[in-house]
1. Out of the residues in segment A:28-58 that are among the aliphatic types (A, V, I, L, M) and over 24 Å from A:Asp105 (Cα atoms), state the one that is farthest from the chain's Cα centre (by Cα).
2. Any residue at all in segment A:167-182 that is within 14 Å of chain B (Cβ to nearest Cβ), touching a helix residue (DSSP H, G or I) at 6+ places or on another chain (Cβ under 6 Å) and either more than 21 Å from A:Asp17 (Cβ to Cβ) or in contact (Cβ under 8 Å) with a residue 40 or more places away in the chain (or both)?
3. Scan segment B:70-80 and give yes if some residue there is under 8 Å from the mean Cα position of the chain (by Cα), closer than 22 Å to A:Gln189 by Cβ and buried (at least 21 other Cβ atoms within 10 Å of the Cβ), otherwise no.
4. For segment A:132-154, indicate whether the set of residues that are within 14 Å of chain B (Cβ to nearest Cβ), part of a loop (DSSP other than H, G, I, E, B) and surrounded by 17 or more Cβ atoms within 10 Å (Cβ to Cβ) is non-empty.
5. Spot the failing condition for A:Lys195; the list is (1) in contact with a Leu (Cβ under 9 Å, 6 or more places away or on another chain); (2) within 25 Å of A:Pro62 (Cβ to Cβ); (3) surrounded by fewer than 14 Cβ atoms within 10 Å (Cβ to Cβ), and only one is missed.
6. Taking into account only those residues within segment B:3-39 that are among the hydrophobic types (A, V, I, L, M, F, W, C) and loosely packed, with under 13 Cβ neighbours inside 10 Å, which is nearest to A:His14 (Cα to Cα)?
7. Go through A:Glu18, A:Glu94, A:Glu68 for me and flag whichever is acidic (Asp, Glu) and surrounded by fewer than 21 Cβ atoms within 10 Å (Cβ to Cβ).
8. Where in segment A:17-77 are there helices (runs of 4 or more DSSP H), lying fully within it, with 1 or more residues that are acidic (Asp, Glu), away from chain B (no Cβ under 14 Å) and out of contact with any Cys (no Cβ under 9 Å at 6 or more places or on another chain)?
Amino acid sequence: MIAKEKHVLVVFPHPDDEAFGVSGTIATHIQMGTGVTYACLTLGEMGRNLGNPPFATRESLPEIRKRELRGAAHAMGLTDLRMMGLRDKTIEFEDDEKMVDMIKDLIDDVSPSLVITFYPDYCVHPDHEATARAVVRAVGRMPEAERPKLHCVAFANNTQTELGPPDTIHHVEAVQDIKLNTMRAHLSQTAWMLKDLEKRLADQDPEAIKWVTEERFYTYRFDQGYN
Amino acid sequence: MQPVNLNEIQSLIDQFANKDVYIHLETTNGSYATHVDEAFFNAGAFIRNAKVRYELGKIIGDAPSRVGLKLELGWIYAQGITHYELDSNKRLLMAGHDHQGKLAVALQISETPFE
């Protein structure tokens, strides 16, 4: 059961980051009538999936991914999509305080009761880590009583060992089709993965079913730093 | 993009010689390489909109090919080039795509800055 929120703010760096682990949760909030804002920091300009033979170039990819991101928002029923204009793979090199300010401005604007991002130190990609640090800092600097809940996605290989099991698991079977359509919207990046996933789902592979029906979150523990 | 055609690429490289040009140079294994294989040593480099002028540029070897640009004071080169395109903005885009269709290297030359 997903708790009813006042407003949800989702912050990820790349188009498609929302699709795999969070799109079922986003779609559920929207179906419950809760406003959801998705701030996507880059256009995934440095994506490597360009095909062989190539279907895109380094220079044409951003427009393709922007279209796909809009398609994914449409699939989830999300209307407040914000493209924040940073460049893929450069977020960690931006000024850290500028990043915190960007997130703070988003929080001030939409007053979320729940923020969803990655879990710092457990999210693998340097852009994920830099995004997570900025969000955790922005929320952590708010007076404790005013802080929104902060749900973080963690998937580094050492996550289970160090953080233990996730404290929040959303069962999203009811919106599984929406979730799959959100992944399909990012076809330039997901085609190869979807082919494999759809076959495994057709074969009733329990791991694949769990992967599309369960979304796992860790509530951020502010005693861990990044203030 | 088209598969490498040595004569056509050489003629395009020649057209940008002795002019101020902007360079995009990139090598990458992807940000997940070490996540997928912890023994993998991940390295890459990226430069965008370096303004240079080269006096001589060459493409050598059947694809995956090598491209080298001789600058007044230095060099630029890329290896592993498999495809190219002169895009609608008259920019020479060269890239090396691996067997899975993932970009591994890119060298791009333009008379105007890349966005």
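Laboratory data are not the source of any read-out in this text; all were calculated from the coordinates shown. The structure presented is a predicted model; accordingly, all values stated were derived computationally and were not measured. Cβ: placed from backbone, ideal geometry, glycine included. Neighbour counts: every protein chain shown.
1. This residue is A:Ala56.
2. Taking every residue of segment A:167-182 in turn, none turns out to be within 14 Å of chain B (Cβ to nearest Cβ), touching a helix residue (DSSP H, G or I) at 6+ places or on another chain (Cβ under 6 Å) and either more than 21 Å from A:Asp17 (Cβ to Cβ) or in contact (Cβ under 8 Å) with a residue 40 or more places away in the chain (or both).
3. No.
4. yes
5. Condition (1) is where A:Lys195 drops out.
6. Step one: filter segment B:3-39 for residues among the hydrophobic types (A, V, I, L, M, F, W, C), giving B:4, B:6, B:9, B:12-13, B:16-17, B:21, B:23, B:25, B:33, B:36, B:39.
If we keep only those that are loosely packed, with under 13 Cβ neighbours inside 10 Å too, we end up with B:36, B:39.
Numbers: B:Val36: 19, B:Ala39: 26 Å.
Restricting to residues being among the hydrophobic types (A, V, I, L, M, F, W, C) and loosely packed, with under 13 Cβ neighbours inside 10 Å, the top hit is B:Val36.
7. Of the residues listed, the single one that is acidic (Asp, Glu) and surrounded by fewer than 21 Cβ atoms within 10 Å (Cβ to Cβ) is A:Glu94.
8. Values: elements: A:17-21, A:23-31, A:61-76.
Answer list for segment A:17-77: A:61-76.
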